[in-house]
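J.: The following block contains the structure, expressed as structure tokens.
The values are calculated or read from the model by the stated rules, or taken from the named source; none is laboratory data. Small disclaimer: the values here were computed from a predicted structure and weren't measured. For neighbour counting, all protein chains shown are included, and Cβ atoms are generated from backbone atoms with ideal geometry for every residue, glycine included.
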Amino acid sequence: MQNILLPVGAIAMALLLFGLVVALAGVNPVEVWALLFLGAFGDWFSWQNTLLRAAPLMLTALCVAIPARAGLVVIGGEGALVLGGLACAALAHAVPLPDSAAGTLLVCLAGALAGALWVALAGWLRQYRGINETISSLLLAYVAIGLFKHVVEGPLRDPSSLNKPSTPALSDGLLMGPMGTSDVHWGLVIGVVVCLAAGWWLRLTPSGFSVRVVGANPRAAQLVGLPATRLVLLSCALGGAAAGLAGAIEVAAVHTSANAALIAGYGYAGILVSFMARHNPWAIVPVAILFGGFGAAGSLLQRRLGLPDASVLLLQGMAFVLILASEALRDGAWKPWLARIVRGRSAMASPQGDTG
């Protein structure tokens, strides 16, 4: 119950603080809260926009969640996503592929492989060079974005893309189409299936249990002979593969080519989704839908109230800080701090003669 109440309370507090900020700007906070709901879940169009944004969030959140179960804090999902999209476009450009589902599968696998290798590099640096994985994964994300821009604007640039440098577009047979008559593509189904599979692997398989043991108690894992380094690299590779797959799906289902629109911050938003879900792959699905809805509502706030489209980023930032703060309540870290305050007040209230 605590695992549910604390994140929900953090979101509620973030909404209250966000309402206070917009109230200081002269906007009715109740109207803002109503538009947030309408823009995210008010009608079928809003739901489609929400689900389109939730699909990559599920996969980039796994880039944080799976290594976290091995005791790592990896925040480089943005780099794995853009390289996954680049690998998808590069393979389609370099190799003749069948214009069928098999070709789409191949370009998605290429994106997953690129992301896996990139994030596994952060795990390798941690295990073999002692470099903090949080710092290295973040810096590798910036390196990946720079590499992406160089290739898209240089060797793989489509000459017909003038004002918006892009790679050549994928052929129609390689594109991932929508589901039925909706605008929601099959990447949503893939994201849900991968999250369910990741949760099943972590909970019900020996290798997944070994990863959790390494993350919970590295010394115990060493005593029982678990290959900690191999498991850490595996968790990083699987997380990176999920983020790389997200980039490939964005290219194959949304953008049709690799371009700067791929750098949309999904990798960074996935960090928030993973922490909100307590690094639980099954909980990532509803949390990704919630934050996908926040992102979808940004344009409605701009049209109706004149607020910046990026104002929802402020809401997400508040939620992230409050979720991190709620960890202190969960772990009981506030109890020693409170005890010191109580002891200090007792000492001040006691007569000086009683202190001996």
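J.: Quick check on VAL64: is it of a type in the set (Val, Ile, Thr), touching a residue at least 40 places away in the same chain (Cβ under 8 Å) and touching a Phe, Trp or Tyr at 6+ places or on another chain (Cβ under 8 Å)? Give the steps one after another, and end with the answer.
T.: On the way: of a type in the set (Val, Ile, Thr): yes; touching a residue at least 40 places away in the same chain (Cβ under 8 Å): yes; touching a Phe, Trp or Tyr at 6+ places or on another chain (Cβ under 8 Å): yes.
So VAL64 fits the description; yes.
J.: Does the stretch 206-229 contain any residue that is of a type outside the set (Val, Ile, Thr) and under 30 Å from PRO159 (Cα atoms)?
T.: Among the residues of the stretch 206-229, not one is of a type outside the set (Val, Ile, Thr) and under 30 Å from PRO159 (Cα atoms), which makes the answer no.
J.: Right, something else. What helices (runs of 4 or more DSSP H) lie completely within the stretch 218-328 and have 1 or more residues being surrounded by 23 or more Cβ atoms within 10 Å (Cβ to Cβ) and at pLDDT 90 or above? If you could, list the steps in order and put the result at the bottom.
T.: Working: elements: 218-223, 228-250, 266-276, 281-305.
Of the helices (runs of 4 or more DSSP H) lying wholly inside the stretch 218-328, those with at least 1 residues that are surrounded by 23 or more Cβ atoms within 10 Å (Cβ to Cβ) and at pLDDT 90 or above span 228-250, 266-276, 281-305.
J.: Looking at ALA141, ALA94, ALA101 in this structure, which one is modelled with pLDDT of 95 or more and either of a type in the set (Gly, Ala, Ser) or crowded, with 19+ Cβ neighbours inside 10 Å (or both)?
T.: After applying the criteria, what remains is ALA141.
J.: With the structure loaded, tell me whether VAL211 is touching a Leu at 6+ places or on another chain (Cβ under 6 Å), more than 21 Å from LEU322 (Cα to Cα), β-branched (Val, Ile, Thr) and in a helix (DSSP H, G or I) or whether it fails that test.
T.: So VAL211 fits the description; yes.
J.: For the list (1) within 20 Å of SER274 (Cβ to Cβ); (2) modelled with pLDDT of 95 or more; (3) assigned to a helix (DSSP H, G or I), I need the number of the one condition that ALA55 fails.
T.: Failing condition for ALA55: (2).
J.: Considering only residues of the stretch 104-136 that are charged (D, E, K, R) and buried (at least 20 other Cβ atoms within 10 Å of the Cβ), which is nearest to LEU62 (Cα to Cα)? Break it down into steps so the answer makes sense when it comes.
T.: Just the residues of the stretch 104-136 that are charged (D, E, K, R), to begin with: 126, 129, 133.
When the remaining residues are screened for being buried (at least 20 other Cβ atoms within 10 Å of the Cβ), the result is 126, 133.
Details: ARG126: 19, GLU133: 16 Å.
Among residues in the stretch 104-136 that are charged (D, E, K, R) and buried (at least 20 other Cβ atoms within 10 Å of the Cβ), the one nearest to LEU62 (Cα to Cα) is GLU133.
J.: List the residue pairs whose Cβ atoms are under 6 Å apart, where the first residue sits in the stretch 276-295 and is closer than 21 Å to LEU314 by Cβ, the second is in a helix (DSSP H, G or I) and among the charged types (D, E, K, R), and the two are 6 or more positions apart or on different chains.
T.: Between residues of the stretch 276-295 that are closer than 21 Å to LEU314 by Cβ and residues that are in a helix (DSSP H, G or I) and among the charged types (D, E, K, R), the close pairs are GLY292/ARG53; GLY295/ARG53.
J.: Moving on. Output yes when any residue across the stretch 185-194 is assigned to a strand (DSSP E or B), in the same structural domain as ALA102 (by TED's automatic domain parsing) and closer than 22 Å to ALA242 by Cβ, and no when none is.
T.: Yes, the stretch 185-194 contains a residue that is assigned to a strand (DSSP E or B), in the same structural domain as ALA102 (by TED's automatic domain parsing) and closer than 22 Å to ALA242 by Cβ.
J.: Now for a separate question. Return the pairs, sorted by first residue and then second, in which the second residue is acidic (Asp, Glu) and surrounded by fewer than 16 Cβ atoms within 10 Å (Cβ to Cβ), the first residue lies in the stretch 147-171 and is closer than 9 Å to ASN259 by Cα and not assigned by TED's automatic domain parsing to the domain that holds HIS93, the beta carbons are less than 6 Å apart, and the residues are 6+ apart or on different chains.
T.: Close Cβ pairs (under 6 Å, with a partner that is acidic (Asp, Glu) and surrounded by fewer than 16 Cβ atoms within 10 Å (Cβ to Cβ)) do not exist here.
Yes/no matrix, rows are residues, columns are (1) under 18 Å from VAL184 (Cα atoms); (2) assigned by TED's automatic domain parsing to the domain that holds PRO206; (3) surrounded by fewer than 21 Cβ atoms within 10 Å (Cβ to Cβ):
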position: ILE4; (1), (2), (3): no, no, yes
position: LEU36; (1), (2), (3): no, no, no
position: ALA40; (1), (2), (3): yes, no, no
position: LEU57; (1), (2), (3): yes, yes, no
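J.: Also, I was wondering about something else. Return the residues of the stretch 168-183 that are more than 17 Å from THR104 (Cα to Cα), of a type outside the set (Asp, Glu) and surrounded by 12 or more Cβ atoms within 10 Å (Cβ to Cβ); say none if nothing qualifies. Explain how you work it out, then say what you get.
T.: Of the stretch 168-183, the ones more than 17 Å from THR104 (Cα to Cα) are 180-183.
From the residues that got through so far, the ones that are of a type outside the set (Asp, Glu) too are 180-182.
Answer for the stretch 168-183, where residues must be more than 17 Å from THR104 (Cα to Cα), of a type outside the set (Asp, Glu) and surrounded by 12 or more Cβ atoms within 10 Å (Cβ to Cβ): just SER182.
J.: Every residue in the stretch 5-35 that is within 21 Å of the chain's Cα centre (by Cα), in contact (Cβ under 8 Å) with a residue 40 or more places away in the chain and farther than 30 Å from CYS236 by Cα, please.
T.: GLY9, ALA14, LEU15
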